[in-house]
Amino acid sequence: MSDAAIPQTVQTLLSLRERLDDTHVRFTAGADWGQGRTLFGGLLSAMSVVAMRDVCGQDWPLRTLQTSFVGPVTPGAFEVQVLLLRQGKHVRQVQALVRQTDAQGQSVVAGVLLAVFGNARESSLPLLTQVQRPAAKSIDESMQLPFLPGLTPNFVQHVDFRLSEGGFPFTGGEHWSDCNFLRLHDSAGLDPELLCILLADAGPTPALSRLKAPAPASSVSWSLELRPVPDADLHAHWRTDKDTLAAGEGYVNDRTLLWTPDGRLAALGYQVQGIYA
């Protein structure tokens, strides 16, 4: 087996990144992080945030991240071009373009991201958050999603999925929502912010569980709003509650709540996906 075929952890991928100049960072990821024709979107978004940190600073937590998946990013090298849009007293707004060289040797844009980093401020508003409802099944009672080469996306080999509520994709069920416990098999070297990005995008839309046969699906856009949890456990199972809010004309609109292992709200996600069935 060649080195390129050996699955690599996120930490390894990040350690191999190259700072090309003041605004460009190069990453390389293998097919083990694939999701259909492209690399796993959560990984691309997390790497883009790392590039933003490298260029613009790591002092403020990420508050929002908007990602438009313009085109596929195939396994191999790609670059993230970072532009600081505005630096204020409390808020920093940053744009990132994911670029990859195509078959004609042209650098094409495959993703566009907008991020808002903001430092904590004193506020007269009382603290408000969501309360996690009980899951139907515990982690140990939940059904584990196996990695099946050729059937499940390649990146699934890096994630432990446990389905507590809802159905698995392509099982012809009647669910529009699901609840999953999940964790990376190896989260060493990460921080809770990057882990939030990876896990919030890991699960499929619940709408796929209603299909009776495999069909292609792809993310069109994704918005993630984070509630900083710097002390969250990186190694235990986190939880996602997903709901398909609307479906029709080949698209679905999903909402995701991401919870830390101790039940704190870590992120809210909204995603538009194309379903080709």
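The values are calculated or read from the model by the stated rules, or taken from the named source; none is laboratory data. Model, not experiment: these values are computed from the prediction. Cβ atoms come from the backbone with ideal geometry, glycine included; neighbour counts cover every protein chain shown.
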| Search result, residues across region 48-67 that are buried (at least 24 other Cβ atoms within 10 Å of the Cβ) and out of contact with any helix residue (DSSP H, G or I) (no Cβ under 7 Å at 6 or more places or on another chain) | 48, 51, 52
| query | Does region 238-277 hold any residues that are part of a loop (DSSP other than H, G, I, E, B) and crowded, with 21+ Cβ neighbours inside 10 Å, and which are they? | reply | 260
| task | State all residues of region 106-150 that are hydroxyl-bearing (Ser, Thr, Tyr), under 27 Å from residue 90 (Cα atoms) and either assigned by TED's automatic domain parsing to the domain that holds residue 42 or without any contact (Cβ under 8 Å) to a residue 12 or more places away in the chain (or both); if no residue qualifies, say none. | result | 123, 124
| Tell me, which residue of region 11-47 that is more than 24 Å from residue 92 (Cβ to Cβ) and of a type in the set (A, V, I, L, M, F, W, C) is surrounded by the fewest Cβ atoms within 10 Å (Cβ to Cβ)? | 16
| field | Residue match in region 190-199 (condition: closer than 25 Å to residue 142 by Cα and in contact with a Pro (Cβ under 8 Å, 6 or more places away or on another chain)) | value | yes
| said: Tell me the residue from 232, 215, 207 that is assigned to a loop (DSSP other than H, G, I, E, B), modelled with pLDDT of 95 or more and not charged (D, E, K, R), please. | reply: 232
| task | Report yes if some residue within region 183-192 is of a type in the set (A, V, I, L, M, F, W, C) and free of Cβ contacts under 8 Å to residues at least 24 places away in the same chain; otherwise report no. | result | no
| message | From the list 256, 244, 205, 240, exactly one residue is in contact (Cβ under 8 Å) with a residue 24 or more places away in the chain, assigned by TED's automatic domain parsing to the domain that holds residue 161, among the β-branched types (Val, Ile, Thr) and in contact with a Phe, Trp or Tyr (Cβ under 6 Å, 6 or more places away or on another chain). Which is it? | response | 244
| remark: Heads up, the strands (runs of 3 or more DSSP E) in region 5-105 (entirely inside) with at least 1 residues that are among the β-branched types (Val, Ile, Thr) and without any contact (Cβ under 8 Å) to a residue 40 or more places away in the chain are 91-101
